[in-house]
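Undergrad: Please see the structure below; I have some questions.
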Amino acid sequence: MYMSQHRFTPVPAKYDLWRPYNHNYMTLTARVPGAVWSRILRARDDPDTFFAIGLWTDREAAMRWTESAESRLGAKPSVDEGLYDGYPMSWSRWSLADFAWGLAGPVRVDDPSCFVKHIAWDMAAGAEAEQVALCRSLMSLLARRPGFVCGETYLGHKADRLLQVYTFRSVDDWPLGEGRAAPAEIELLLQSDAARAMRDRVPAPTSIDCELFESVWGPETASLQRFIAAEAA
């Protein structure tokens with residue numbers, strides 16, 4: 001499954017125009033063939049920074065939408081009103097490598113109080129499989145924690161980057177917060193020889209605390225369940 005991510009800043013002085021525009025544009029993706037899940041995350045410590053994360057069945061479906069007349073028309077107000085003028089925007093491509101729901105199973109993910117941990121890594125050259133396996137093990141442990149909603153692991157399209165996105169009901173549910181002792185089973189994993197070796201091979205990740213700003217499911221949500229079932233088989 002394909003994921004596109006945009007990191008962007010709407011013009012702060014035009015925020016009141018941008019917000020309804022963004023909501024309207026996202027409602028369009030809720031009915032686009034190939035769309036699975038679209039979210040906007042907002043950085044907690046830098047509220048002018050947003051991430052748009054769009055999950056699709058494949059890249060072709062995403063590109064058909066991006067190049068469609070409906071998408072261009074939907075995006076036209078942002079151009080007409082200059083909602084992003086002069087502010088940075090970066091775009092990246094990813095593929096879904098792992099996904100887990102929490103103890104409650106598949107649930108709606110649209111509560112703005114949700115806390116999202118956004119963690120970007122460089123890949124360990126020659127040890128990519130080991131790095132992904134460690135992330136999978138960590139997600140398996142986190143998924144058993146109260147408040148865990150879902151977790152995702154993505155690989156960059158050049159296989160040189162790794163992204164983890166963990167969603168919890170609140171920031172207090174995140175078990176690895178600053179000044180907080182990690183649960184024993186997670187600490188065992190983090191202090192394992194494999195984890196220590198990985199930390200020696202790759203720079204520390206870029207970790208950003210976010211809030212869930214907006215979330216809409218597309219018509220292809222069943223594709224995500226099929227992906228999870230295939231991974232478990």
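The values are calculated or read from the model by the stated rules, or taken from the named source; none is laboratory data. Bear in mind the structure is a predicted one, so any value in this text is a computation, not a measurement. Heads up, the Cβs are rebuilt from the backbone with ideal geometry, glycines too, and the neighbour counts pull from every protein chain shown.
Undergrad: Among M63, M3, M89, which is the only one that is free of Cβ contacts under 8 Å to residues at least 12 places away in the same chain and at negative phi?
TA: Only one candidate qualifies: M63.
Undergrad: Take the residues of the stretch 195-227 that are among the aliphatic types (A, V, I, L, M) and under 16 Å from the mean Cα position of the chain (by Cα): which is nearest to T49 (Cα to Cα)?
TA: I208
Undergrad: Quick one: in the stretch 2-31, which of the residues that are assigned to a loop (DSSP other than H, G, I, E, B) and at pLDDT 95 or above is farthest from S78 (Cα to Cα)?
TA: Checking each candidate, the answer is T9.
Undergrad: Can you tell me which residue in the stretch 113-135 is farthest from C210 (Cα to Cα), limited to those that are surrounded by 16 or more Cβ atoms within 10 Å (Cβ to Cβ) and without any contact (Cβ under 8 Å) to a residue 60 or more places away in the chain?
TA: Checked the stretch 113-135; the qualifying residue farthest from C210 (Cα to Cα) is V132.
Undergrad: Take the residues in the stretch 32-70 that are assigned to a loop (DSSP other than H, G, I, E, B) and either hydroxyl-bearing (S, T, Y) or closer than 21 Å to V109 by Cα (or both), then tell me which one is farthest from the chain's Cα centre (by Cα).
TA: Ranking the qualifying residues of the stretch 32-70, first place goes to S68.
Undergrad: Filtering the stretch 44-68 down to residues that are surrounded by 18 or more Cβ atoms within 10 Å (Cβ to Cβ) and small (G, A, S), which residue is nearest to V171 (Cα to Cα)?
TA: The residue in question is A52.
Undergrad: Checking the condition surrounded by 15 or more Cβ atoms within 10 Å (Cβ to Cβ), of a type in the set (G, A, S) and under 24 Å from V116 (Cα atoms), which residue from S4, S78, S71 passes?
TA: The conditions single out S4.
Undergrad: Out of all the residues in the stretch 10-30, is one or more touching an Asp or Glu at 6+ places or on another chain (Cβ under 9 Å), surrounded by fewer than 20 Cβ atoms within 10 Å (Cβ to Cβ), closer than 25 Å to V116 by Cα and β-branched (V, I, T)?
TA: Yes, there is a match, as at least one residue in the stretch 10-30 is touching an Asp or Glu at 6+ places or on another chain (Cβ under 9 Å), surrounded by fewer than 20 Cβ atoms within 10 Å (Cβ to Cβ), closer than 25 Å to V116 by Cα and β-branched (V, I, T).
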